[in-house]
Amino acid sequence: MKITITGAEPLQKVLNDLENFQVHLDAVRAKQVTEISNRAAAALGTPGATPRDTGELRISAHADYNDFSFGYSKEYAGHVEYGHRTRNGGFVEGQKYLETNKDIQSPIYKDDAGKRLEKVLNGGK
């Protein structure tokens, strides 16, 4: 038994384009990681820049293009981000540098991904 559907060629093209969209999206994701990494390395005072004292936190920054992630390997990175208690019972507020970076990058990612999808669906134009 064979079923033939005629007139579905435009739909099939869109589905094929969407299947190939993953390749395009990987390029968008790589761009986002690069921008976050660059912003993290920017001068102090730049929103999203890594706080610096000895510079060890900045040095521990790493971008991974296999899973499109960015982070820090220093064990105290979370304490700088979210804040921490002091020995005398006080509290040091977090600097929220990663959250700031994420908040800056989120609309850029959404815009970049939307433009790439639109381009794919319009046949690369």
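Search the range 81-112 for residues being touching a Gly at 6+ places or on another chain (Cβ under 8 Å) and β-branched (Val, Ile, Thr), and hand back the single one that is farthest from residue 36 (Cα to Cα). Result: 92.
Against the numbered list (1) surrounded by 11 or more Cβ atoms within 10 Å (Cβ to Cβ); (2) on the phi < 0 side of the Ramachandran plot; (3) modelled with pLDDT under 95, residue 66 comes up short only at (1). Of all the residues in the range 68-94, those that are out of contact with any His (no Cβ under 9 Å at 6 or more places or on another chain) and touching a residue at least 24 places away in the same chain (Cβ under 8 Å) number 2.
Out of all the residues in the range 74-114, which are of a type in the set (Asp, Glu) and either surrounded by fewer than 16 Cβ atoms within 10 Å (Cβ to Cβ) or closer than 15 Å to residue 48 by Cα (or both)? Hits for the range 74-114 are 75, 81, 93, 99, 103, 111. Here residue 59 passes the criteria (1) loosely packed, with under 14 Cβ neighbours inside 10 Å; (2) within 30 Å of residue 21 (Cβ to Cβ) except the one numbered (2). Could you say whether any residue in the range 1-13 is outside any loop (DSSP other than H, G, I, E, B) and either modelled with pLDDT of 90 or more or surrounded by 13 or more Cβ atoms within 10 Å (Cβ to Cβ) (or both)? No: zero hits.
The values are calculated or read from the model by the stated rules, or taken from the named source; none is laboratory data. Given the structure is predicted, the values throughout are model-derived calculations rather than measurements. Here Cβ is always computed from backbone atoms with ideal geometry, including for glycine, and neighbour counts include all displayed protein chains.
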